[in-house]
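K.L.:
The structure under discussion is supplied below as structure tokens; questions concerning it will follow.
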Amino acid sequence: MAIRPSSLIIVLWILVLGVSGLPGSLKANEPLVSLRTVDAKQSDWDMALQARPNPARWESADGERVEVEPGSPAGILVLRRAGAEVSRVALPEPLADAVVGRAGPTSLLVAGFSGTGADRRLVVASYHRYTERWHILGRLVPAGERVRLVCREADILERLDAEPGVVRRHTLDVPTPPVRALDVTVVVLYLVAMLGIGLWCARGGTTSTADYFLADRELNWFVGGVTLYATATSAISFVSVPAKSFATNWQYMAYNYVTLVGTTIAAIVLIPRLRRMNLVSVYEYLETRFHPSLRAFSSAVTILYNLVGKQAVVVLLPALVMQQMLGLPPVAGVVIIGVLTTLYTMVGGFRAVVWTDLAQCFIMLGGAMVGAWWICHALGTDLVGMLREASALGKTKTFNFDFNLLQPTLWAFLFLEIFNILTWPKDQMLMQRVFATRNEAHARGSVIFLAALVIPGATTFFTIGTALFLFYRAHPERFVPTLPNDSVFPLFIAWEMPSGLSGLLIAAILAASMSTFSSGVSSLATLVKVDFLDRFPVFSGLRDRISNRALVLSIGVLGTAFGAAVSLVDVGSLLDFGMQAFAIFGGGFAAAYGLGLFTRRARWEGVLFGTVVSAVASFFLVRVVSPILMQATTIGISLVVGYLASLVVGLVRPLPFDEKPLRTHL
């Protein structure tokens, strides 16, 4: 008897619910990180001292400076930016000959001597800058009476003055999380279920390009809305949004409330008209309204942005989780996720993407809610008590009414949403689902349902980040100072959640990533097929030799390769990186939809000129504008420049009456 993929998902949830009442793995007050001492060379000391001639001061590349206030013993750490004092932090205890360095992206490392005589100890401590908590990593017996110290990255080098060749290195030792059989079982069941859905959807084959890339336009509003939400809510939301609220507060949550209104307006005003045109690629509209060259250019930019930016980040984030849980290198995690997702997308086509999205959405949201509940359980409180404590610390502040368009304020979000409404059709991944609905009513309903799902989903992710802040503020000994901020939720999953529940959270993060990655692969393959292979004679030979499945396979391999490349570089916040990548590669052309839908005088030459100006400007603005506002900034530049340039083109070369564009505006 055949086993349906839905049965495997039900079994997965039964396993998880069965272990949800088991005792957790939280070991309060038991340090997670320890110090490991090894012998070092004199050359190591010389190199460290050359890089840090003043061991009591550390400076970052962006002008931030941290220094131990002079004194014997020292008791204050001074933080400065651009020469101005930002804050003063008391050391965990007075330390003589103290030195400072950076343990990781969000943590400082301080070492010095405490006590005298036989009680003299080398104290090494880390300071987390978001939770504002110290943790003493170790109290070591010094190598001798006269010893010098210097920090080198996350290591402390100790040299005995009496014997210059005697150098010791004290490094942070982080154990690898145990691999638990139940977690592996849950994850494997999830992966098998996703592959099963792909195979199940491939029954009978596909009859046409519309069937393979649009599922024969048979989606109703509920399925369309869920798959829209699953696509828009990637692992970026699951990992980076909690990391953002962990580091700051809920100000970015305000954008979701603004988006609720804006998306509803777009669903009522724009979506029915676009669905009525029976498009496959959203860039077909640009050809109808403007010129074939604008369609080709915009489609090519979208493909470039998704491969280099969005899809690379989407596939990398769950690889960070696998690194935390299994000690698996991020490159290997990217390859595993990319290959499996590409496989079921290739086999089942867009129908497999939609039905895996449906399953992944329930796993993702269910896992997030379980995660939020368990963090509160680890804190010994309920959700209301956790939020009350966080509110007292200012961590739930949502609305910032300062009139500043360069920071995440309410007015900045309103400004951003205006441009979002004007350019809502810009994303092929979302519009492909709109085009796959049965009719205009279902298309409009699916987008409205998407808007309704955003608020509870985003609230859950922000709640997770806030609860994590309180947990690591109460238990600084459980934090790993060397990790980037985006790893804070994976860290908790790896060490604080019981077997089974942690497996569910891993599956949920994989679901968030794989739903977006599969959607990206399918939509990019659609663009290559419809906007290039089927249109240009130069591709006629290739068109006959490459199948739809081979095209999906090629796009999946390229997306996986770029994800592996991004894993090898430090891009800071992956959420910010994704926003900046869109602004640089895709922000300008999105304005073409606003100019096409809401104006009559826009010309393709002016739109193209505005897009180029916007792209060039974004390279300079990315350093000074908040990442969340980069998109609105580049779109605004493109709108203004494109419209003005169109007016100039209209004066120089007015269109004859018989060449007037079709009525494709509102």
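K.L.:
Which residue out of Gly349, Gly367 is open to solvent by less than 10 Å² (accessible area, probe 1.4 Å), under 21 Å from the mean Cα position of the chain (by Cα) and not β-branched (Val, Ile, Thr)?
P.N.:
Numbers: Gly349 fails: under 21 Å from the mean Cα position of the chain (by Cα).
None of the other options fit; the residue is Gly367.
K.L.:
Still on this structure: Just checking, how many residues over segment 121-154 are touching a residue at least 24 places away in the same chain (Cβ under 8 Å), of a type outside the set (A, V, I, L, M) and open to solvent by less than 60 Å² (accessible area, probe 1.4 Å)?
P.N.:
Adding up the residues that qualify gives 9.
K.L.:
Residue pairs, Cβ under 8 Å, 6 or more apart or interchain, first in segment 361-387 and touching a residue at least 40 places away in the same chain (Cβ under 8 Å), second acidic (Asp, Glu) and surrounded by fewer than 16 Cβ atoms within 10 Å (Cβ to Cβ). List them.
P.N.:
Close Cβ pairs (under 8 Å, with a partner that is acidic (Asp, Glu) and surrounded by fewer than 16 Cβ atoms within 10 Å (Cβ to Cβ)) amount to Cys376/Asp382.
K.L.:
Moving on to the next point. For the condition over 18 Å from Ala512 (Cα atoms), open to solvent by 10 Å² or more (accessible area, probe 1.4 Å) and out of contact with any strand residue (DSSP E or B) (no Cβ under 9 Å at 6 or more places or on another chain), what is the one hit in Tyr285, Tyr305? Walk me through it before giving the result.
P.N.:
Numbers: Tyr285 fails: open to solvent by 10 Å² or more (accessible area, probe 1.4 Å).
Result of the check over Tyr285, Tyr305: Tyr305.
K.L.:
Taking only pairs six or more apart or across chains, which ones have beta-carbon atoms under 7 Å, a first residue in segment 68-80 that is open to solvent by less than 20 Å² (accessible area, probe 1.4 Å), and a second residue that is among the polar types (S, T, N, Q)?
P.N.:
Pairs found: Leu79/Ser87.
K.L.:
Working carefully through the options Leu450, Leu491, find the one that is crowded, with 24+ Cβ neighbours inside 10 Å and in a helix (DSSP H, G or I). Spell out how you get there, then give the answer.
P.N.:
Numbers: Leu491 fails: crowded, with 24+ Cβ neighbours inside 10 Å.
Going through Leu450, Leu491 in turn, just one is crowded, with 24+ Cβ neighbours inside 10 Å and in a helix (DSSP H, G or I): Leu450.
K.L.:
OK, next. Collect the residues in segment 235-251 that are open to solvent by less than 10 Å² (accessible area, probe 1.4 Å) and either modelled with pLDDT under 85 or of a type in the set (Asp, Glu) (or both), keeping them in residue-number order.
P.N.:
Restricting attention to segment 235-251, the residues satisfying the condition of being open to solvent by less than 10 Å² (accessible area, probe 1.4 Å) are 235, 238-240, 242-243, 245-246.
Those that are open to solvent by less than 10 Å² (accessible area, probe 1.4 Å) and either modelled with pLDDT under 85 or of a type in the set (Asp, Glu) (or both): Ala235, Phe238, Val239, Ser240.
K.L.:
Filter segment 288-302 down to the residues that are touching a Leu at 6+ places or on another chain (Cβ under 7 Å) and not hydroxyl-bearing (Ser, Thr, Tyr), then identify the one that is most open to solvent (accessible area, probe 1.4 Å).
P.N.:
In this case the residue turns out to be Phe297.
K.L.:
Right, another one. Determine, yes or no, whether Ala352 is at pLDDT 85 or above, within 30 Å of Gly594 (Cα to Cα), small (Gly, Ala, Ser) and in a helix (DSSP H, G or I).
P.N.:
Working: at pLDDT 85 or above: yes; within 30 Å of Gly594 (Cα to Cα): no; small (Gly, Ala, Ser): yes; in a helix (DSSP H, G or I): yes.
Considered against the rule, which asks whether it is at pLDDT 85 or above, within 30 Å of Gly594 (Cα to Cα), small (Gly, Ala, Ser) and in a helix (DSSP H, G or I), Ala352 comes out as no.
K.L.:
Here is a follow-up. List the pairs whose first member sits in segment 158-171 and is touching a residue at least 60 places away in the same chain (Cβ under 8 Å) and assigned to a strand (DSSP E or B), whose second member is aromatic (Phe, Trp, Tyr) and crowded, with 18+ Cβ neighbours inside 10 Å, and whose Cβ atoms are under 9 Å apart, counting only residues at least 6 apart or on separate chains?
P.N.:
Listed by first residue and then by second, the contacts come to Arg159/Trp45; Val167/Trp45.
K.L.:
Search segment 549-566 for residues that are touching a residue at least 12 places away in the same chain (Cβ under 8 Å) and under 16 Å from Ala332 (Cβ atoms) and pair each with any residue that is open to solvent by 60 Å² or more (accessible area, probe 1.4 Å) and outside any helix (DSSP H, G or I) when their beta-carbon atoms are under 9 Å apart and the residues are at least 6 apart or on different chains.
P.N.:
none
The values are calculated or read from the model by the stated rules, or taken from the named source; none is laboratory data. Note that the structure is predicted; figures quoted are calculated from it, not measured. With ideal geometry, Cβ positions are generated from the backbone for all residues, glycine too; neighbour counts draw on all protein chains shown. Side chains are part of the model used for accessible areas, which takes the heavy atoms of the whole protein and leaves out ligands, DNA and RNA. Shrake-Rupley method; radii C 1.70, N 1.55, O 1.52, S 1.80 Å.
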